Amino acid sequence: MLTAVNESGRRFSLQGEERLETLKKLRDKHRFYCEACGKPLILKLGQKVAWHFAHKPNMSCHGENEPESIVHLEGKRALYHWLNAQGEFPILEKYIPDIKQRADLFLHHHPKAIAIEYQCSNLTPQRFMERMAGYLSLNIRPIWILGENRLKNYGSYIYRWHLTEELLLNRKGKPYALFFSATSNRFIILHHFWPLASSTVVADRTEIPAEEFHLHDLWQPPLLSHDLPQKAQIWLQQKSKWRTRKSEHPSRLERYVLAICKKRGLPFESFPAYIGLPIPEALPIASPPFLWQAWLILQFIHRRPLGSILHVDAITKSVLTLADRKLMVLRENSNCREGVSKAIERYLSALLTFGIVEKTNAGYVVMKEVAWTSQNLADHQREDERILYKWLAEKNAYC
Ligand SMILES: [Zn+2]
């Protein structure tokens, strides 16, 4: 922690401009206590970690949201200075007794009070809901910023995506995830997601130096970067991997899809190019796109007579059933039915682009037989590229 109260109730906060000698004198003169639990604190003035207050070992505290780390300490402090520079009057680690919560940063900004949480450790859905409910009950606007330690690239444009990122994803308007790096003093926003697998997404990344980032950007950050050609290349590389993969530990959905292919005499690796498309709305589905889309094509379109009608609701229901049977994996925090239904609708509208289906008042109608023919990899790759660009050229495909 960066704050404590002394024996006479005076509040101290370590803002990073103190001198070691002054703090040593202070430590000799005063005793320090936790604002939340009242237990004694130690003022740590070591060389490795930023100076901070800490509970004694094995002491639990209801005001502590996450284990204190150097990233968390430095991040809170840098955000504090950023807010000051904006002309705001932030309070570091404000303890709110009514809800027994400590906000990393707190400020009044007309018409509301704002609590900023700098989240570096993993968050559980339960903890997230509790903290949200606490703030909202006092009409405080909560803003969550992800720690720089959480921003992990797996190659360019591919990012780690865990439950915490999922929980803290901003869903109003275009979805985005907001990070802050104290090391570079920048805000980093991931946006325009193409979900790739349960723990990875392809995303655009906008970086803004703290001095150019304004308070209101916290809830409406500019999403500037749109590197479609690069993302498309990354996607095509992934797609080639999907075609040539030999999974040692195939998922249940993969085994299921492979079994259907085997039964129908279809070589899986030759799946049509419109399987495995990036569907931005598909974040609720954690299973890889080439698998859930292959399942959908096999289950609802392949071998179906032309003119058959597909209903988004029925497909959504099937996805949820597969999820119950642990075949399909959905993301925990997604609004299941509505989210899945949007993803399905979007994928069917992609199939519309290729004339596989047509949209009528009754639903989507199957218009073309599924051509699942074996070709060499180079031919598949050419076709994958053509189909991907055709899809991306569609209005709104990239939103
Ligand atoms: Zn405490």
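Here are some notes:
- Remark: pairs (first residue in the stretch 30-42, without any contact (Cβ under 8 Å) to a residue 24 or more places away in the chain and more than 15 Å from Leu14 (Cα to Cα); second residue more than 8 Å from the ligand (Cβ to nearest atom) and assigned to a loop (DSSP other than H, G, I, E, B); Cβ separation under 7 Å; 6+ apart in sequence or on different chains) = Pro40/Arg31; Pro40/Lys56.
- With respect to being more than 9 Å from the ligand (Cβ to nearest atom) and of a type in the set (Lys, Arg), Lys56 fits the description.
- Residue within the stretch 48-69 that is farther than 21 Å from Ile91 by Cβ, of a type in the set (A, V, I, L, M) and modelled with pLDDT of 85 or more present: no
- Leu258 being without any contact (Cβ under 8 Å) to a residue 12 or more places away in the chain and either within 20 Å of the chain's Cα centre (by Cα) or in a helix (DSSP H, G or I) (or both): yes
- Selected residue [outside any loop (DSSP other than H, G, I, E, B), free of Cβ contacts under 8 Å to residues at least 40 places away in the same chain, out of contact with any helix residue (DSSP H, G or I) (no Cβ under 8 Å at 6 or more places or on another chain) and not hydroxyl-bearing (Ser, Thr, Tyr)] from Ile208, Ile189: Ile189
- Within the stretch 28-41, restricting attention to residues that are more than 19 Å from Leu92 (Cβ to Cβ) and away from the ligand (no atom under 16 Å from the Cβ), the residue that is surrounded by the most Cβ atoms within 10 Å (Cβ to Cβ) is Lys29.
- Cys61, sole failed condition from (1) closer than 22 Å to Asn149 by Cα; (2) within 13 Å of the ligand (Cβ to nearest atom); (3) in contact with a strand residue (DSSP E or B) (Cβ under 6 Å, 6 or more places away or on another chain): (1)
- Some residue of the stretch 158-180 being among the polar types (S, T, N, Q) and at pLDDT 95 or above: no
- Residue satisfying all of: in the stretch 171-186; in a strand (DSSP E or B) and not aromatic (Phe, Trp, Tyr); nearest to the chain's Cα centre (by Cα) among these: Ala177
- Count of residues meeting criterion [assigned to a helix (DSSP H, G or I) and surrounded by fewer than 19 Cβ atoms within 10 Å (Cβ to Cβ)] in the stretch 146-170: 2
- Every condition in (1) over 21 Å from Ala182 (Cα atoms); (2) of a type in the set (Val, Ile, Thr); (3) under 28 Å from the mean Cα position of the chain (by Cα) is met by Ile91 except one, and the failing one is (1).
The values are calculated or read from the model by the stated rules, or taken from the named source; none is laboratory data. Nothing here was measured: the structure is a model prediction, and the numbers come from that model. For neighbour counting, all protein chains shown are included, and Cβ atoms are generated from backbone atoms with ideal geometry for every residue, glycine included.
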